[in-house]
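Worksheet: one structure, shown below.
Just so it is clear, none of the values below were taken in a lab; they were calculated from the coordinates. None of the values given here were measured: they were computed from a predicted structure. Positions of Cβ are backbone-derived with ideal geometry, glycine not excepted, and every protein chain shown enters the neighbour counts.
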Amino acid sequence: MTTILDGKKTANALMSELSATVQSMIARGVTPGLAVVLVGDDPASAIYVRNKQRRAESLGIRSVKHVLPASTTQATLLQIIAELNLDPAIDGILVQLPLPAQIDAQAVIAAIAPDKDVDGFHPVNMGRLWTRQPGVVASTPLGIMALLNHYGISVAGQHAVIVGRSNIVGRPLAGLLLNQDATVTITHSKTANLFALTRQADLLVAALGQAEFITAEAVKPGAVVIDVGMDRNDSGKLVGDVAFDQVAPLASAITPVPGGVGPMTIAALMMQTVTLAKRRLNE
Ligand code: GUN
């Protein structure tokens, strides 16, 4: 029997615990504050931002949204970040990616105060992760770890193979898995004989952004399969990076799309916002 790793249910369970934490913080005078900055009108980004805001509001987190036109200059964006860095009511700053071409995303990320970098994308936080120091960690990888933990899946000693080397998912996830004693292989679009590697995975993570790329021949029977993809297939249906119907029967556990990693990403973002806000409680 394949276990369906239900991200929606797990996120809801984690969020009801977090809601109690937020209420008790508010009672002690600290309302966690999250600033979300959206530049341009990418429809997928607008949906992600809306979902993040809804979840924040449902928890009692104060969510402030800055929507800027696609023509925004880097200087304007850096000015907004400088103000948010100084705003004592803001605990977490999230600049939704991707940014328009005229803006250097790395420069923007580096301008966020590391201790308000709720996405964990700042080089200081990436460095903390890779040197096993406490810090903020990217939401999608953290959400994946929380989902595995919720289902009692231990990665220690397991061979984790990640397909995709992005700063947002592949790289930070590798750090988290390594810190929990997995043996980690990061693969990518230039990897030779990719499926020979993915077939060795006890834990296979697909984060490459290609609809249904991971087919049955890519998977070892009994593997745990995590699908980070959110793609449209040729008929316009929302699918993941994993061909779910053929892979699910082989896997011991698998995330669905939608309802797998997506809700966990948002839950992790909320947990990180609350963690950052806790510093304002003088305890
Ligand atoms: N774009 C896609 N995923 C993310 C994310 O986790 N954070 C931000 N800021 N932008 C994204």
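Observations on the structure shown:
- Cα gyration tensor category, rounded, prolate or oblate, for the stretch 203-252 with a/c compared to 1.5: prolate
- Taking the charge dipole of the chain about its Cα centre, with +1 at Lys and Arg Cβ atoms and -1 at Asp and Glu Cβ atoms, the residue from 153, 13, 228 reaching farthest to the positive side is 13.
- Grouping the Cα pair distances of the stretch 155-217 into 5 Å bins from zero gives a pair-distance distribution of 4, 20, 31, 26, 14, 5, 0 percent in increasing distance order.
- Whole-Hz ³J(HN,Hα) from phi, Karplus 6.51 cos²θ - 1.76 cosθ + 1.60, for the stretch 13-27, glycine and proline x: 5, 5, 6, 6, 5, 5, 4, 5, 4, 4, 4, 6, 5, 4, 4
- Across the stretch 15-162, Cα-Cα pairs farther apart than 25 Å form 35% of the total.
- About the Cα centre, charge dipole magnitude for the chain (Lys/Arg +1, Asp/Glu -1 at Cβ), debye: 420
- Relative contact order of the stretch 216-283, taken over Cα pairs closer than 8 Å and 6 or more residues apart, is 32 percent.
- Positive minus negative residues near residue 99 (Lys, Arg vs Asp, Glu; Cβ under 14 Å): -4
- Residue order, fewest to most beta carbons within 10 Å, for 95, 67: 67, 95
- Over the stretch 115-174, relative contact order from alpha-carbon pairs under 8 Å, at least 6 apart, %: 34
- Mean-position separation - Cα centroids, the stretch 127-179 and the stretch 184-203, in angstrom: 17
- Note on the stretch 138-283: Rg/Rh from C-alpha atoms, Kirkwood Rh, equals 1.00.
- Amide H to amide H distances under 5 Å link residue 3 with 253, 254, where only residues 5 or more positions off or on other chains count and H is placed in the peptide plane.
- Computed over the stretch 47-126, the Cα gyration tensor eigenvalues convert (square root of 5λ each) into semi-axes of 20, 16, 12 Å, ordered from largest to smallest.
- Calculated log₁₀ intensity ratio I(q)/I(0) where the Debye formula runs over C-alpha points of the chain, q = 0.07 Å⁻¹: -0.25
- Tensor-based shape of the stretch 108-201 (alpha-carbon gyration tensor, a/c under 1.5 rounded, otherwise prolate or oblate): oblate
- J(HN,Hα) series, the stretch 117-129, from Karplus relation 6.51 cos²θ - 1.76 cosθ + 1.60, nearest Hz, glycine and proline x: 7, 5, 7, x, 8, 4, x, 5, 6, 4, x, 4, 4
- Reachable aspartates and glutamates from residue 52, criterion Cα separation under 18 angstrom, eight or more residues apart if same chain: 17, 41, 42, 91, 117, 119
- In sequence order, calculated HN-Hα J values of the stretch 46-61 (Karplus, 6.51, -1.76, 1.60; Hz; x Gly/Pro): 4, 5, 4, 5, 4, 5, 5, 5, 4, 5, 4, 5, 5, 8, x, 7
- Among 73, 265, 183, residue whose mean-square fluctuation peaks in a GNM of the chain (springs only between Cα atoms under 10 Å): 73
- When the Gaussian network model of the chain links Cα atoms closer than 10 Å, the mean-square fluctuations of 165, 55, 28 top out at 28.
- Amide H partners (placed H, <5 Å) of residue 158, local residues excluded: 183
- The radius of gyration of the Cα set in the stretch 233-283, together with its Dmax, comes out at 17.3, 54 angstrom.
- Helix 139-150 and the long axis of the chain differ in direction by around 60°, with both axes built from C-alpha atoms.
- When the chain is treated as a GNM with alpha-carbon contacts under 10 Å, the residue of 143, 152, 170 showing the greatest mean-square fluctuation is 152.
- Annotation: amide H of residue 39 within the under-5 Å range of 68, 96, sequence separation 5 or more or interchain, hydrogens built in the peptide plane.
- Alpha carbon Rg of the stretch 1-74, scaled by the compact-globule rule 2.2 N^0.38 Å: 1.41
- Gyration tensor (alpha-carbon) shape descriptor, the stretch 85-138, a/c threshold 1.5: oblate
- Scaled against 2.2 N^0.38 Å for its residue count N, the alpha carbon radius of gyration of the stretch 57-99 is 1.28.
- For the chain, the relative contact order works out to 22 percent when only alpha carbon pairs closer than 8 Å and six or more residues apart are counted.
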